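The values are calculated or read from the model by the stated rules, or taken from the named source; none is laboratory data. Just so it is clear, the model here is predicted, and its values are computed rather than measured. In this analysis, Cβ positions are derived from the backbone assuming ideal geometry, glycine residues included, and neighbour counts consider all displayed protein chains.
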Amino acid sequence: MKAALDSLEYLQAIARVDGHVNSPPGWTQQAAVLNGASDLFAEIMADKDGHVRTAFGHSELLKRLAVNEISNGFYRTHPK
């Protein structure tokens with residue numbers, strides 16, 4: 001995220017986090033897998049609003065990934 005934005009200084013909000021978790025049939029703890037990402041974003045954003053989070057379970061992900069996390073909807077003010 002820092003590389004894409006050049007700096008986290010101008011990050012105003014993380015609106016949504018989608019997590020795609022490679023899961024065996026019947027396993028229902030996908031949301032727990034995303035807790036680390038949510039905790040990190042809460043720490044980065046400090047006093048700013050939280051984010052919406054959705055966890056999806058999949059039987060297989062591209063490139064055999066265990067987790068594919070997508071964060072979107074960040075808003076950035078540009079330096080003057």
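The rows are residues; the columns are (1) charged (D, E, K, R); (2) assigned to a strand (DSSP E or B); (3) touching a Phe, Trp or Tyr at 6+ places or on another chain (Cβ under 6 Å); (4) modelled with pLDDT of 75 or more.
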| residue | (1), (2), (3), (4) |
| --- | --- |
| Ala4 | no, no, no, no |
| Glu9 | yes, no, no, no |
| Pro24 | no, no, no, yes |
| Ala32 | no, no, no, yes |
| Phe41 | no, no, no, yes |
| His78 | no, no, no, no |
Q | Every residue from region 10-26 that is surrounded by 11 or more Cβ atoms within 10 Å (Cβ to Cβ) and not aliphatic (A, V, I, L, M) | A | Tyr10, Gln12, Arg16, Asp18, Gly19, His20, Asn22, Ser23
